[in-house]
Amino acid sequence: PFRAIVAPRPIGWVSTISSDGVINLAPYSFFNAVAGRPPMVILSSEGIKDSITNIQATREFVVNLATLPMAERMNETSRALSSDINEFEFAGLEPAASSLVRPPRVAGCPAALECKVTDMVPLKNLAGEAGERLMTVAEVVGIYIDENYLTDGKFDMVKAQTLARCGYWDYQVTKELFDMPRPDLRDH
């Protein structure tokens, strides 16, 4: 039940490129924003997968916004495929050039975060064993937003139909938001 209790979680749909130039794309549900100034994210992996191997080699990645219209193709990229297979091609997705990092973003995604690694930390259990759990900390150096998903100058999560991972095989889509300013900032 742990994953169902700690939910919903944003999905880091991560594109990387290997040192040999092979493009990789995979969703991660152990992903989140951890700082705003500068903007920083974490990505955690259970098992040293192709994405992590690529990030270790290049120190760069892109987080693409997972949305309902792309849910099935995002799920296709969760397959355990050989490291020489381009998941963009496998899932029928087009890569689009990033501005400040080598890995491409997913064309058609409403938003993407271009990231450069600041730290990679083995996650140890209480016995001090790291196993194959690795947390990547990265600074967001570039942000792509499709202007069609801006409403009054703000990114519109409802219009984008942002996905989140819940427990088991459950997902949710952002369909409704409500505004609730901090009490001490309501009049500002």
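The values are calculated or read from the model by the stated rules, or taken from the named source; none is laboratory data. None of the values given here were measured: they were computed from a predicted structure. Heads up, the Cβs are rebuilt from the backbone with ideal geometry, glycines too, and the neighbour counts pull from every protein chain shown. Surface areas here come from the heavy atoms of the whole protein model, side chains and all, with no ligands, DNA or RNA. Shrake-Rupley method; radii C 1.70, N 1.55, O 1.52, S 1.80 Å.
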Quiz item: Taking segment 7-66 as the region of interest, how many residues are part of a loop (DSSP other than H, G, I, E, B), hydrophobic (A, V, I, L, M, F, W, C) and surrounded by fewer than 21 Cβ atoms within 10 Å (Cβ to Cβ)?
Solution: 4
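Each row is one residue, and each column tells you yes or no for (1) more than 15 Å from the chain's Cα centre (by Cα); (2) under 26 Å from PHE155 (Cα atoms); (3) aromatic (Phe, Trp, Tyr).
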{"residue": "PHE2", "(1), (2), (3)": "yes, no, yes"}
{"residue": "ARG9", "(1), (2), (3)": "no, yes, no"}
{"residue": "VAL22", "(1), (2), (3)": "yes, no, no"}
{"residue": "PRO27", "(1), (2), (3)": "no, yes, no"}
{"residue": "PRO69", "(1), (2), (3)": "yes, yes, no"}
{"residue": "THR77", "(1), (2), (3)": "no, yes, no"}
{"residue": "SER83", "(1), (2), (3)": "yes, no, no"}
{"residue": "GLU89", "(1), (2), (3)": "yes, no, no"}
{"residue": "PRO110", "(1), (2), (3)": "no, yes, no"}
Exercise. Answer yes or no: is there a residue in segment 67-74 that is assigned to a helix (DSSP H, G or I), out of contact with any Phe, Trp or Tyr (no Cβ under 8 Å at 6 or more places or on another chain) and of a type in the set (Val, Ile, Thr).
Key: no
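What do you reckon, is LEU93 open to solvent by less than 80 Å² (accessible area, probe 1.4 Å) and either under 13 Å from the mean Cα position of the chain (by Cα) or without any contact (Cβ under 8 Å) to a residue 24 or more places away in the chain (or both)?
no
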